[in-house]
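Here the structure is laid out as structure tokens; the discussion comes afterwards.
The values are calculated or read from the model by the stated rules, or taken from the named source; none is laboratory data. Please read these numbers as outputs of a predicted model, since none were measured by experiment. Every residue, glycine as well, gets a Cβ built from its backbone with ideal geometry; the counts of neighbours run over all protein chains shown. Quick note on the areas: whole protein, heavy atoms, side chains included, nothing else; ligands and nucleic acids left out. Shrake-Rupley method; radii C 1.70, N 1.55, O 1.52, S 1.80 Å.
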Amino acid sequence: MSEQHSDRLTGDLSPEENKLQSEPKSGPKDHSRRVFLFKLSLLLNGAVGVVLAVPIVRYLLGPVIQKKNSYHSWIALGDVDDFPEGETRLADYRNPSTTEWDGQTGNVACWVRRKSGNDFQVFAINCAHLGCPVRWFAESKLFLCPCHGGAYYQDGSRAAGPPERGLFEYKYRVAGAKLMINAGELPTLSTPASAQNANFVPLDKIGRATWQS
């Protein structure tokens, strides 16, 4: 009698209700496991977001957090004797505003012309037209831009081509036996390299730059 009564009760239930009754109910352990996995996924997603955001934030805030004493730094290009009189040589230095993980992108090239004694000209390597790196040709005594045919005389003045002006020059000075340039700002029309308000770096803290003919 009880079995027939049970069958009648079961038969009165809908398929969904029968399915719910047949499925085992989850216990407190299953609930706590789901909560733990959910929190773990949130933690991992947050960690990944932070890792991806750090370089972006640093890129956006880089100019703001840049150190002022690095922005107006004097950099040694090498000994004065590294640059013979009457010659123009390529030198490079480490941009003072870069960080260790900037790698080779932190190296900046420039052209150094020693006219005589301690009389120098230090040119930015970039063409005054669109910024392509210019090359020095000692035979013709010209700086030539490979991109659009710009040409400059050995003193950096415009010779021919699309540039409307001569090469940009760094401010320089000779300290002891070192040739130094004010390298915190790259020379341009809007931000010319200037010796004003520049911080002098002691010679014992200056690293030598590399150069080649």
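Residues in region 127-141 that are open to solvent by 40 Å² or more (accessible area, probe 1.4 Å), out of contact with any Ser or Thr (no Cβ under 9 Å at 6 or more places or on another chain) and either closer than 18 Å to Leu90 by Cβ or touching a residue at least 40 places away in the same chain (Cβ under 8 Å) (or both): Pro133, Arg135, Phe137, Glu139, Ser140. Looking across Leu144, Leu40, Leu90, one residue alone is modelled with pLDDT under 90, open to solvent by 30 Å² or more (accessible area, probe 1.4 Å) and at negative phi. It is Leu40. Is there a residue being open to solvent by 100 Å² or more (accessible area, probe 1.4 Å) and modelled with pLDDT under 85 anywhere in region 66-85? Yes: region 66-85 contains one or more residues that are open to solvent by 100 Å² or more (accessible area, probe 1.4 Å) and modelled with pLDDT under 85. Check whether at least one residue in region 148-161 is of a type in the set (A, V, I, L, M, F, W, C), without any contact (Cβ under 8 Å) to a residue 24 or more places away in the chain and in contact with a His (Cβ under 8 Å, 6 or more places away or on another chain), and report yes or no. Looking through region 148-161, none of the residues is of a type in the set (A, V, I, L, M, F, W, C), without any contact (Cβ under 8 Å) to a residue 24 or more places away in the chain and in contact with a His (Cβ under 8 Å, 6 or more places away or on another chain).
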